[in-house]
Amino acid sequence: MSQSNQPNRLRQGGRIDRARTLSFTFNGKRYQGHAGDTLASALLANGVDLVNRSFKYSRPRGIVAAGAEEPNALVQLGSTEAAQVPNVRATQQALFEGLTAQSTNGWPNVQRDVMSLVGKLGGRFMPPGFYYKTFMAPASMWMTYEKYIRKGAGLGRSPMENDPDSYDHLNQHCELLVVGAGPAGLAAALTAARAGARVILCDEQEEMGGSLLASRELLDDQPAAQWAEQVISELAENDNVTLLPRTTANGYHDHNFVTLHERRTEHLGEAAPTVDGYRLTRSRMHRVRAGQVLLATGAHERPLVYGNNDVPGNLVAGAVSTYIRRYGVVPGNKLVLSVSNDHAYRAALDWDEAGRDVVAIVDARRHPDGELVEQARARGIRIIEGSAVLEAKGDKRVSGARVATIDAAAFKVTGQAELLECDTIASSGGYSPVIHLASHTGARPTWDEEILGFVPSLVKGVHAAGSARGVHDLAEGLADGAAKATEALAALGKSASAIEPPRAETIREGEACALYQVPHEKPTLRAPKQFVDMQNDVTAAAIELATREGFESIEHVKRYTAMGFGTDQGKLGNINGMAIAARCLGRSIPEVGTTVFRPNYTPVTFGAIVGRHCRELFDPERYTALHQWHVENGAEFEDVGQWKRPWYFPRKVNGKLETMDEAVARESLAVRTGVGILDATTLGKIDIQGPDAREFLGRVYTNKWAKLAPGRVRYGLMCKDDGMLMDDGTTSCLGENHFLMTTTTGGAAGVMEWLELWHQTEWPELQVYFTSVTDHWATMTVTGPDARKLLSEVTDIDLDKESFKFMDWRNGKVADVPARVFRISFTGELAYEINVQANYAMHVWKTLFEHGKKYDLTPYGTETMHVLRAEKGLIIAGQDTDGSVTPEDLGMFWAIGYDKPFSWIGKRALTRPDTARKDRKQFVGLKPVDPKVVLEEGAHIVVDKDQPIPMDMLGHVTSSYYSPNLESGFALAVIKGGRDRMGEKLYVPMPDGQAHEVEVVSPVFIDPKGERQHV
Amino acid sequence: MSDITYGRVATFNTHPDASIPKESPLSVAYNTGSVPAATSDSRVLFKEQAFLGHLILRGGAIVLDEAVRKVLGISLPGQPLGLALDETGERSVQWLSPDEWLVIVPGGEELDVEQRLRDALGDAHYAIVDVSGGQTLVSLEGEKARELLMKSTSYDVHPSNFPVGKAVSVVFGKSSLILRRPSEERYELVLRRSFADYLYRWILDAGAEYGIGVQR
């Protein structure tokens, strides 16, 4: 026990564990607190007044509130670089042993702040829009200015080292999600739980119970917190109830999808602990799909806006009660309480009971007469009626309060000011329902004159109860929670009876008066600063100035002044700001309206958003059945969609690993002169069965399928209905009613959907079914002059060139495994594509290599595949085409069946005049005059290299490589009227000013007659 | 010849002699990834049932039902998202879409089942496709299996929504799989071969908190 070290700690009371003392460090100084403290309550217990410097003026700031609405006490947590967490609200951070925190603002330190000089001297010269007006011109300099302004002002910093912690997500479903475990939330959750509903109850605080944890009232003649404990333990035992303490409902999204952030370990220490060998995730995002949502989010007390209301020692009244009753901390010695309502009198009663001096209660109402007022009078507390605190005195701590009678309606000080000596001013201007989540739906809240606050507008499936909708009385709030839960369940067709709420004494309260900004003897613009939004340093004068400068919409006022920006989201200041804007504009508050609150309610660490979707789980990696062999044989991989495909297989030559160019040159030559092998498993494969399969193919491909016999293979082009090429591939006839279609790797899923779409919506009468077999078959392409020799060693299939021709397929065994072998070629060489059931692929692949050793069987990857196919002028859909290229543009007239009996997809579009234009971009080859040049893919092609910019561009390079077979660079391109330009010399200008001269040639560079693939 | 032409459709016996080595879609994961052993503290158990026969059935329910009953002794699930098993639990039929079912049988039976179904179906319009090489079945058991699923899929796996006899295709991590509930204590996952390694990594990561063990 170290009471002496904590001057403001009461000897008893509160929910802290005095037996457990915890040490912590704030701004380099060590302090002690207790288990159950927040960092804020521990700081107040130790008499730490100054916790921060303000954002813009660098004014000293202290703790104002006790919850999420705290605007000042933002701290930087972390004793090491990796553990840095910015902008933590000290009021929401549980104290743990060794906690290390620093003020977010203040440089070089919070006591001596360089920027405060700017704030003091420049204060009156820093109107709203100051930074914009001063630093935005010239615009190019803003980045430079901003760096220094940020260093001075700051709002925390992110860690420079990797976060050692991890985060995850949990998908939750429930019939009723209750947000907030105060009186209304507990009554609602209990009602729903007893009715057998699936309930999630979440609450952002360390302990569930909300206002009941610091309440003066009794429930069923026992302390309110005790009732809360009983309810929570009943809920905890119910299997259908999920209790989530330390969990903030941060975003309400469409269809009752709500994101909750559970801080799982932040109360335990700086880094997540390890339990049973597993390091817990630091925080968890619960992605809740709720049948119904009940918001029992309570209310935030509004402070009054008076001069120097930001000096440390100014608090909201309810926070004073919370610190005394929940944490056993009195944050001062002499209190002046300035109020507009009865409810806030509790702060003075609690202060008095704590044995400290209540100097006076300053009540803006002329004749306050509620029960709490009577209690205060009975204790002999001085009540100054019809008055308010005009101005706080003091610099780093309140030293007095100037008090005078006012006329709130006329916004005038009517009496002589009296200076009351005090060290604490607590104020209350009423209670604003916490409507943030309801606002996330886009529903605009409505002003309720009765409670002097905005109440939420609710979309379907969302309910509000208790203080969240302005029902502030305890007994009424409990009943309201229960009643709203039954309404919510009724909406799901579930009947429930409301629980009998515990007996609560009803305290008669007098009517509150509307008071937001307290008038001052001086006009607002000349009075001491009256802060509205302390986090963003927005004053009443700033709002008044904004309205004078013509900003009449509250949305514009917000952006001009920055009110409600940042982590604060206007929790404490927004309503006051709107009231001031309304006063200045001569309108009512509902006429001025409110700005929109957006997710997230409180800041969320990126880790919780990312969850486990990082590092090796960032995105799925698709492997072929041969992946491990590729890895073991040193493949470099290329991402093709989500597939990992071998890109090239660098070998070690003279102790040095080949570059890609070297590897590709070697692999290309091997295929042209010996034999190579490619893992082609990633090609999309679709099994097509049915009596109308052939007819269907004829309608989705541009070419003819009527006569393709079993055992034969055909290449097909697929167009979208606009006539532009979409995908290509070969399709084999397996039986009269049975085909196997292949697609590009990237196009597989899209083609499958395309087939189903046309079948289901346009031609449902066709009897045909499609099934993806991409993963079932592994595909290995053996290609090169030696392919037949190699394959013949391991297969029982007759490979004779007369009986097994180009574009035939046969089945048999390869390496003792049943296989379908397709004689198709994407290299222009003799080629066999071997398909086996994927589970046996590795055996077949390895067997081929055993036999292939003597032929120097060379594995090759996608890069060599690209070079080889380009040498043959074979397109890659999506590389040489871009959604604006027709089969005619590609010169593939042979693959267009204009005379097919039934129209096919794209046919009509291809008969438009535009697609018949002679000057369309057409597919050609390019040969650089300098063979060493490898053109850049995407580069533009022009006639006159000396034409001034903008030049007339004829087209662009679609594929470009160096060919070891041609011993030259070569390219494929699309060029306007290209087929009529054969032999022409054109130019490819580069950014560095040089222009490569190229000759337009046929896109087929090797073996134009196709003899090699027919051998 | 491996193909046997059934009317106008080719069937294919994919299997070589039993002496030929085979690799399940999870072989890369087993060979190169982590394979935590199951212990008494494991609150989730992962077990692959590799090399089963998987067939996709396409066709109308009325067309298929009688043949399936005749060949497998199981009625087609009467409801969408239905899963029906035979008495041994070794053969199952699962609804995938209004005209699509997944049949899983002991490994090696698939061609026989396909041919018997084709015999029974005659000239009806249907399709049967062997996809045994393209997917694998995994079972998850243990007290925390459901919570592991909650980390992984947005589908509601609470027993009130996902009772025994239900099966559904779900988003899982950033991939997808088929999730089945054949019995009270067991969940089954049908993984696509090419995504299997990612899904394995995801499941192991999600299960680390529960001391997940892999039974081989």
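The values are calculated or read from the model by the stated rules, or taken from the named source; none is laboratory data. Since the structure is predicted, the reported quantities are computational estimates derived from the model, not experimental observations. Glycine also receives a Cβ, built like all others from the backbone with ideal geometry; neighbour counts cover every protein chain displayed. Remember, those area values only see protein heavy atoms, side chains included, never the ligands or the DNA or RNA. Shrake-Rupley method; radii C 1.70, N 1.55, O 1.52, S 1.80 Å.
What the table below lists for this structure:
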quantity	calculated
Out of A:Leu268, A:Leu294, sole residue that is among the aliphatic types (A, V, I, L, M), more than 14 Å from chain B (Cβ to nearest Cβ), open to solvent by 10 Å² or more (accessible area, probe 1.4 Å) and touching a residue at least 24 places away in the same chain (Cβ under 8 Å)	A:Leu268
Helices (runs of 4 or more DSSP H) (entirely within the range A:606-673) containing at least 3 residues that are among the acidic types (Asp, Glu) and either more than 30 Å from B:Gln135 (Cα to Cα) or at the interface with chain B (Cβ under 9 Å from one of its Cβ atoms) (or both)	A:660-673
Matching residues in the range A:1-42 - criterion: being in a loop (DSSP other than H, G, I, E, B) and among the polar types (S, T, N, Q)	A:Ser2, A:Gln6, A:Asn8, A:Gln12, A:Asn27
Of all residues in the range B:41-71 being out of contact with any Ser or Thr (no Cβ under 9 Å at 6 or more places or on another chain) and among the hydrophobic types (A, V, I, L, M, F, W, C), the one that is nearest to the other protein chains (Cβ to nearest Cβ)	B:Leu57
Residues located in the range A:680-695, provided they are within 9 Å of chain B (Cβ to nearest Cβ) and among the β-branched types (Val, Ile, Thr)	A:Thr681, A:Thr682, A:Ile688
Selected residue [buried (at least 21 other Cβ atoms within 10 Å of the Cβ) and among the hydrophobic types (A, V, I, L, M, F, W, C)] from B:Leu26, B:Leu81	B:Leu26
Top-ranked residue of the range A:339-374 - restricted to ones that are assigned to a strand (DSSP E or B) and not aliphatic (A, V, I, L, M), ranked as surrounded by the most Cβ atoms within 10 Å (Cβ to Cβ)	A:Asp363
Some residue of the range A:318-332 being in a loop (DSSP other than H, G, I, E, B) and within 27 Å of A:Glu521 (Cβ to Cβ)	yes
Pairs, first within 14 Å of chain B (Cβ to nearest Cβ) in the range A:725-748, second of a type in the set (Gly, Ala, Ser) and open to solvent by 20 Å² or more (accessible area, probe 1.4 Å), C-beta under 7 Å, six or more apart	A:Cys733/A:Ala709; A:Thr745/A:Gly641; A:Gly746/A:Gly641; A:Gly746/A:Gly878
Filter pass, A:Tyr278 being under 25 Å from A:Gly607 (Cα atoms), of a type in the set (Phe, Trp, Tyr) and either out of contact with any His (no Cβ under 6 Å at 6 or more places or on another chain) or more than 14 Å from every other protein chain (Cβ to nearest Cβ) (or both)	yes
Residue list for the range B:20-40, filter: away from chain A (no Cβ under 11 Å) and of a type in the set (Val, Ile, Thr)	B:Val35
Considering residues of the range A:43-97 that are assigned to a loop (DSSP other than H, G, I, E, B) and charged (D, E, K, R) only, the residue modelled with the lowest pLDDT	A:Lys56
Set A:Ala344, A:Ala364: member being under 18 Å from A:Val518 (Cβ atoms), touching a helix residue (DSSP H, G or I) at 6+ places or on another chain (Cβ under 7 Å) and at pLDDT 95 or above	A:Ala344
Considering residues of the range A:403-449 that are touching a Lys or Arg at 6+ places or on another chain (Cβ under 8 Å), in a strand (DSSP E or B) and open to solvent by 50 Å² or more (accessible area, probe 1.4 Å) only, the residue farthest from A:Val592 (Cα to Cα)	A:Glu421
Check on B:Pro16, part of a loop (DSSP other than H, G, I, E, B) and open to solvent by less than 30 Å² (accessible area, probe 1.4 Å)	yes
Selection count, the range A:829-844, where residues are open to solvent by 10 Å² or more (accessible area, probe 1.4 Å) and more than 10 Å from chain B (Cβ to nearest Cβ)	1
Residue within the range A:794-816 that is closer than 22 Å to A:Gln642 by Cβ, of a type outside the set (A, V, I, L, M) and either at the interface with chain B (Cβ under 10 Å from one of its Cβ atoms) or assigned to a strand (DSSP E or B) (or both) present	no
Filtered residue count, the range A:251-287, keeping only those that are under 24 Å from A:Val455 (Cβ atoms) and either in contact with a Leu (Cβ under 8 Å, 6 or more places away or on another chain) or small (Gly, Ala, Ser) (or both)	5
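For every residue, the table says whether it meets (1) within 13 Å of another protein chain (Cβ to nearest Cβ); (2) open to solvent by less than 10 Å² (accessible area, probe 1.4 Å); (3) at pLDDT 95 or above; (4) more than 19 Å from the chain's Cα centre (by Cα).
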residue: B:Val138; (1), (2), (3), (4): no, yes, yes, no
residue: B:Met150; (1), (2), (3), (4): yes, no, yes, yes
residue: B:Ser154; (1), (2), (3), (4): yes, no, yes, yes
residue: B:Lys166; (1), (2), (3), (4): no, no, yes, no
residue: B:Phe172; (1), (2), (3), (4): yes, yes, yes, no
residue: B:Ser183; (1), (2), (3), (4): no, no, yes, no
residue: B:Tyr198; (1), (2), (3), (4): yes, yes, yes, no
residue: B:Tyr210; (1), (2), (3), (4): yes, yes, yes, yes
residue: B:Arg216; (1), (2), (3), (4): no, no, no, no
